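The values are calculated or read from the model by the stated rules, or taken from the named source; none is laboratory data. Everything quoted here is computed from the prediction, not taken from an experiment. Using ideal geometry, Cβ is built from the backbone for each residue, glycine included, and neighbour counts are taken over all protein chains shown. The protein model used for the area step is the full one, side chains on, heavy atoms only, and it has no ligands, DNA or RNA in it. Shrake-Rupley method; radii C 1.70, N 1.55, O 1.52, S 1.80 Å.
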Amino acid sequence: MGDENLLIPVLNSVPESVSTLNITMGFPLKTIPLASLFEHIFTLQKKNTTPFYYKDVISILSHQYIQPLFKNDNAIKLIALINKNNLVYLAEDQITALSNDDKSLLSLLFSNWNNDAKIALKHSFSLINIIKEHLTEDKDKNQLGLEYLYRFNTLFNEILRLNQDYNHIKDIKGLYSIYKELLSSETLDFQGEPLQGLQIMGMLESRVLDFETIIISNVNEGILPSGKTNNSFIPFDVKIENKLPTYKEKDAVYTYHFYHLLQRAKNVYILYNTEIDTLIGGEKSRFINQLELEGTHQITHKILTPKVPNHNKQLITVAKTDSVISQLKEIARKGFSPSSLTSYVRNPIDFYYQKLLGISNLEEVEETIAANTLGTVVHNTLETLYIPFIGQTLNVDNIKSLIPKIDALITSFFKEEYKEGDMTKGKNLIVFEIAKRYVLNFLNLEIEALKNGDVIKIIALEAKVENVKINIDTLPFPIQLRGTVDRIDECNGVIRIIDYKTGKVDQSKVSVINWDDLLSDYTKYSKSFQVLMYVYMLLKDKKINLPVEAGIISFKNLSAGFIPFVKKESSHDRNKDTSITQDTINEFEIQLKNLILEIFDKDQDFIEKEL
């Protein structure tokens, strides 16, 4: 093997027909799982800053050697709490406070080393001993793990001895550098049967051995020979001055072993990488060029390329079995919401995952406030501000009295939604200020409308509509609808159904030309579908009478004000009639029933859409 780091990929590629093999080389210690644990711990501590960044903490808690040390899956519960509470930065006392048990273990992992190498070594030995106690409970099963621990214990003992003799390691960064240097040269040695089967070895292990068939891998310039890459603290000119071996002597040694291997072999396979876009590779070794120039061997040159199958992406399809239909009936009994129906229009597979399988998005730490969190905060703030005026006609003084309350309410709702997340700096502070600006701009818009003579009366806020029955002749079971309307008001004698959107919405997103398109393009027509469904449900629930207007207030497009739903005859139609009449509702009802029938159609599977 030219590159000994590829031992594991080679072992995983050995065919089953090879019944016996012998590994006559060391497995680099830096590639074993325990090395990654100490890498994570040093990464956490060498910054010498507290509190710790949550990703560094989670990488330690979720490590395969650390998780089993916790009782009752406490490590997994701790990670879940960090995600749930949006704890981006954590101090040691916060971490220990989150866990009832395992406080001594958490203290060992996360107490600050204060940039002291002696404390670092002490903690490393303690951690090795704790892991050892756990692994010795099932010694036969964990023999390899115990061997890893022994090697790391030896490594840290060596660092401790060096520091006691020379006392040069003053801080964590210095310790980490020495640790990395020693780790890169340490190997875990294997034992096997040297007289039978496939022999796997590095170039240096091949000395004075003869084989009939040889496969030499990684014969690329920079790997075999390795050239100027040299792991040494001693500069090249100092080596020359003191007659120490340099990379030139190392290349000469490898050249000797390479040619000695070829001397008595009958079949030799020399492998090199032709890919120039890899980190190392692309240029074949000078050894191969020498063999070709000498012309003493019969050489057959082949370029092998992997056969990459051209897989066409298969769209996920889920058949509607009896159990699926039964679940759909249960969802229908509880009530379809506008968002659930539009999620089906967007992608039926998402609807299947979320509504039938109950798979929700993975809860992760929001380092920066997510769009849905911002939307929730703005919705809740406006609802709280306007609640005292339900049933009243607004005036300018009413709205002006709300402006001083914005800051406190936004702060309160962000704490409720964003938990322990920090809103005092960075992008979060910007989003926090944007939320305040959205609400202030909305109130100013309302003040301007009132000054222009509009008469606005608040009828309802966050109005819940439930148990709205819809009769479909071909479905002999109850179908119900439900939803929550952000705001219902009366403006100049016209009832308005309003849905708030923190994203950007313009008139084209709340217009329909052909009714059939309502169920085909989620991006273009989902807003129209939602507001029409709100009107349909409120009408069925006898909470409003036609005609009404329904539309969107977009906080990213507030200058447009209330953007009403409009039915157009063509894309060039300048129709300004925003009234929703019985004819509009009848046409929408046809589309709504078609969508529900499609969802319950046993012959139409849930098929993933290419988004």
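Here are some notes:
- For the stretch 403-468, the square roots of the Cα gyration tensor eigenvalues, ordered a ≥ b ≥ c, give a/c of at least 1.5 with a/b no greater than b/c, which places it in the oblate category.
- Applying the criteria of a DSSP loop state and at most 13 other Cβ atoms within 10 Å to the trypsin sites (Lys or Arg not before Pro) of the stretch 396-448 yields LYS425.
- Here's the picture: a label point sits 7 Å out from the Cα of THR213 along the beta-carbon direction, and within the stretch 1-18 the residues with their amide nitrogen under 13 Å of it are 15, 17-18.
- Hits among aspartates and glutamates - C-alpha to C-alpha of LYS118 under 19 Å, sequence gap 8 or more where chains match: GLU39, GLU158, ASP165, ASP171, GLU181
- Distance between the stretch 1-18 and the stretch 552-585 - C-alpha centres, whole angstrom: 66 Å
- Note on the stretch 1-78: along the principal axes its Cα atoms extend 52, 31, 16 Å, ordered by decreasing extent.
- Loop-resident GluC sites (Glu not before Pro) (DSSP state other than H, G, I, E or B) in the stretch 480-580 with no more than 15 further Cβ atoms inside 10 Å of their Cβ: GLU569.
- All other residues whose Cβ lies under 13 angstrom from that of LEU7 are scored, Lys and Arg at +1 and Asp and Glu at -1, for a net of -3.
- Extension gain, LYS451-LYS84: 0.36 nm per intervening residue step, less the Cα-Cα distance, totals 127.6 nm.
- Efficiency of FRET from Cβ geometry, GLU39 and SER13, R₀ 30 Å, rounded to 0.05: 0.70
- Mean residue ellipticity, 222 nm, helices only, the chain: the sum of -39500 (n - 2.57) across DSSP H runs of n ≥ 4, divided by residue count and rounded to 500, is -14000 deg cm²/dmol.
- Multiplying each eigenvalue of the alpha-carbon gyration tensor of the stretch 264-357 by 5 and taking the square root yields semi-axes of 64, 15, 10 Å, largest first, rounded to whole angstroms.
- Site pair GLN143 and LEU204 shows an inter-label distance of 2.7 nm when each label is modelled 7 Å from Cα along Cα→Cβ.
- Each part reduced to its alpha carbon centroid, the stretch 155-232 and the stretch 459-512 end up 69 Å apart.
- Between PHE236 and ASN22, the modelled label-to-label distance comes to 4.0 nm, taking each label 7 Å out from Cα in the direction of the beta carbon.
- Modelled label reach - GLN64, point 7 Å along Cα→Cβ, the stretch 10-30 residues with backbone N closer than 18 Å: 10-13, 27-30
- For the stretch 305-355, carbon and sulfur atoms together expose 51% of the accessible surface, with a 1.4 angstrom probe and every protein chain in place.
- MET203 accessible area, assembled protein chains, probe 1.4 Å, Å²: 10 Å²
- Contour minus Cα-Cα distance for LEU195 and GLU292 (0.36 nm per residue): 31.7 nm
- Per DSSP, loop GluC sites (Glu not before Pro) in the stretch 144-220 with at most 11 further Cβ within 10 Å: GLU212
- Overall, the stretch 437-488 carries a charge dipole of about 80 debye about its Cα centre when +1 sits on the Cβ of Lys and Arg and -1 on the Cβ of Asp and Glu, all other atoms neutral.
- On Cα atoms only, tilt of 143-166 relative to the major axis of the chain in degrees: 70 degrees
- Simple label model, 7 Å out from Cα along Cβ direction - ASP73 to ASN100, nm: 1.5 nm
- Of the residues PRO564, GLN591, ILE82, the one whose Cα sits farthest toward the positive end of the charge dipole of the chain, with +1 on the Cβ of Lys and Arg and -1 on the Cβ of Asp and Glu, is PRO564.
- Placing +1 on each Lys and Arg Cβ and -1 on each Asp and Glu Cβ, with no other charges, gives the stretch 475-527 a dipole about its Cα centre of roughly 160 debye.
- Each of VAL324, THR96, GLN67 was scored by the projection of its Cα onto the charge dipole of the chain, and the greatest displacement toward the positive side belongs to THR96; charges sit on the C-beta of Lys, Arg, Asp and Glu.
- Net charge dipole size for the chain [Lys, Arg +1 and Asp, Glu -1 on Cβ; Debye, nearest 20]: 900 debye
- √(5λ) per eigenvalue of the Cα gyration tensor, the stretch 300-412, largest first, Å: 48, 26, 12
- With DNA, RNA and ligands ignored, accessible area of HIS168 (1.4 Å probe; Å², nearest 10): 150 Å²
- The chain pair-distance distribution - Cα-Cα, 10 Å bins, rounded %: 3, 11, 15, 16, 15, 13, 12, 9, 4, 1, 0
- Exposure of LEU81 as accessible area (Å², to 10), given a probe of 1.4 Å and all protein chains: 60 Å²
- Surface analysis of the chain yields an accessible area of 55 Å² per residue, using protein heavy atoms and a 1.4 Å probe.
- Rounded to the nearest 10 degrees, the inclination of helix 406-418 to the longest alpha-carbon principal axis of the chain is 50 degrees.
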